[in-house]
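Participant: Below you will find the structure I want to go over with you.
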Amino acid sequence: TVARHFGELQTHPVKRIIGESTTVSTIVDDAMRPPAAFPWHTDLSWLARPPRYGFLQALEIPDHGGDTMWADLGGAYREIPADLRRFVGGLSAVHGLDASLTASVRRHQGDDVARELVRRHRPVAHPLVRAHPSSGDPVLYLCPMYLRSVVGLEPAESGALLRRLHSVLDDPRLSIRWSWTV
């Protein structure tokens, strides 16, 4: 696959727990397995070593819906004022499993797998500003779904900073909507 040209492929943490080693996951949305409806997120940011890239391929296109949106986190970094870029450049934020993800795992894989996922993946800290894996340019490492707090800040200050940074992502100039086709 194309993904192999970008580095070693990883098995999803849930698949590892259930004893599978495949590096490809298939998301099936139907009447029996309705979409998880996760909010905007950065895939697997709650891992100690998150993947550098994620690849998607549509195998079947629904009659309606199914679009995917991405946010330009490099653009978000460039949009914030210079003094805020300097401030966040030295900070780390805590990422952890989200209740909706754990509930989805519980619903599809059972209580034991969900408990094991939580046991194996305690919250981890990552820099708020990272280098893009291809260009090396600075990008905000944001994830409204999995971000818990900013290390070293009081809860109120941490929450205010994360809300401010996440609000930059509301700018439609910093996103792309991909409408899948066959």
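Participant: Just to be sure before I move on: is Arg163 open to solvent by 80 Å² or more (accessible area, probe 1.4 Å), in contact with a Gly (Cβ under 9 Å, 6 or more places away or on another chain) and either in a loop (DSSP other than H, G, I, E, B) or closer than 26 Å to Ala82 by Cβ (or both) in the structure I sent? Walk me through how you get there before you give the answer.
Facilitator: Details: open to solvent by 80 Å² or more (accessible area, probe 1.4 Å): yes; in contact with a Gly (Cβ under 9 Å, 6 or more places away or on another chain): no; either in a loop (DSSP other than H, G, I, E, B) or closer than 26 Å to Ala82 by Cβ (or both): yes.
Considered against the rule, which asks whether it is open to solvent by 80 Å² or more (accessible area, probe 1.4 Å), in contact with a Gly (Cβ under 9 Å, 6 or more places away or on another chain) and either in a loop (DSSP other than H, G, I, E, B) or closer than 26 Å to Ala82 by Cβ (or both), Arg163 comes out as no.
Participant: In addition: Regarding Val94, is this residue within 14 Å of the chain's Cα centre (by Cα), open to solvent by 30 Å² or more (accessible area, probe 1.4 Å) and aliphatic (A, V, I, L, M)? If you could, list the steps in order and put the result at the bottom.
Facilitator: Numbers: within 14 Å of the chain's Cα centre (by Cα): yes; open to solvent by 30 Å² or more (accessible area, probe 1.4 Å): yes; aliphatic (A, V, I, L, M): yes.
Criteria met by Val94.
Participant: Among the candidates Arg177, Arg164, single out the residue that is modelled with pLDDT under 95 and farther than 13 Å from Val94 by Cβ. Spell out how you get there, then give the answer.
Facilitator: Details: Arg164 fails: modelled with pLDDT under 95.
Arg177 is the lone residue from the list that is modelled with pLDDT under 95 and farther than 13 Å from Val94 by Cβ.
Participant: Still on this structure: Is region 10-33 home to any residue that is open to solvent by 70 Å² or more (accessible area, probe 1.4 Å), in a loop (DSSP other than H, G, I, E, B) and under 29 Å from Val151 (Cβ atoms)?
Facilitator: Scanning region 10-33 turns up at least one residue that is open to solvent by 70 Å² or more (accessible area, probe 1.4 Å), in a loop (DSSP other than H, G, I, E, B) and under 29 Å from Val151 (Cβ atoms).
Participant: Follow-up question, since we're still on this one. Pick from Leu101, Leu91: which is under 30 Å from Ser135 (Cβ atoms), of a type in the set (A, V, I, L, M, F, W, C) and touching a Gly at 6+ places or on another chain (Cβ under 8 Å)?
Facilitator: Details: Leu101 fails: touching a Gly at 6+ places or on another chain (Cβ under 8 Å).
That would be Leu91, the only listed residue that is under 30 Å from Ser135 (Cβ atoms), of a type in the set (A, V, I, L, M, F, W, C) and touching a Gly at 6+ places or on another chain (Cβ under 8 Å).
Participant: Given the conditions (1) free of Cβ contacts under 8 Å to residues at least 60 places away in the same chain; (2) assigned to a helix (DSSP H, G or I); (3) within 20 Å of Tyr77 (Cβ to Cβ); (4) open to solvent by 40 Å² or more (accessible area, probe 1.4 Å), which single one is not true for Arg173?
Facilitator: It fails just one condition, (1).
Participant: I would also like to ask the following. Which of (1) loosely packed, with under 15 Cβ neighbours inside 10 Å; (2) touching a strand residue (DSSP E or B) at 6+ places or on another chain (Cβ under 6 Å) does Val129 not meet, given it meets every other one?
Facilitator: (1)
Participant: Among the residues of region 40-71, what is the count of those that are touching a Leu at 6+ places or on another chain (Cβ under 8 Å), part of a loop (DSSP other than H, G, I, E, B), more than 19 Å from Phe6 (Cβ to Cβ) and modelled with pLDDT of 85 or more?
Facilitator: 1
Participant: Just to be sure, is Leu44 under 11 Å from the mean Cα position of the chain (by Cα) and without any contact (Cβ under 8 Å) to a residue 60 or more places away in the chain? Break it down stepwise before answering.
Facilitator: Numbers: under 11 Å from the mean Cα position of the chain (by Cα): yes; without any contact (Cβ under 8 Å) to a residue 60 or more places away in the chain: yes.
When the stated conditions are applied, Leu44 passes them.
Participant: Would you check which residues across region 101-160 are over 20 Å from His12 (Cα atoms) and among the charged types (D, E, K, R) and list them?
Facilitator: Matches in region 101-160: Arg130, Asp137, Arg148, Glu154, Glu157.
Participant: Any residue at all in region 45-55 that's surrounded by fewer than 14 Cβ atoms within 10 Å (Cβ to Cβ), out of contact with any Phe, Trp or Tyr (no Cβ under 9 Å at 6 or more places or on another chain) and within 19 Å of Ala125 (Cβ to Cβ)?
Facilitator: If we filter region 45-55 for residues that are surrounded by fewer than 14 Cβ atoms within 10 Å (Cβ to Cβ), which is where we start, we get 48-49, 52-55.
Narrowing the set further to residues that are out of contact with any Phe, Trp or Tyr (no Cβ under 9 Å at 6 or more places or on another chain) leaves 48-49, 54.
The next check asks that each one be within 19 Å of Ala125 (Cβ to Cβ); those that pass are 48-49.
Yes.
Participant: Picking from Tyr146, Tyr141, which residue would you name as being under 16 Å from the mean Cα position of the chain (by Cα) and closer than 18 Å to Gly74 by Cβ?
Facilitator: Values: Tyr146 fails: closer than 18 Å to Gly74 by Cβ.
Result of the check over Tyr146, Tyr141: Tyr141.
The values are calculated or read from the model by the stated rules, or taken from the named source; none is laboratory data. From a predicted model like this one, the values you see are computed outputs, not experimental measurements. Don't worry about glycine lacking a Cβ; one is built from the backbone with ideal geometry, like all the others, and counts go over all protein chains shown. SASA here: full protein model, heavy atoms, side chains in, ligands and nucleic acids out. Shrake-Rupley method; radii C 1.70, N 1.55, O 1.52, S 1.80 Å.
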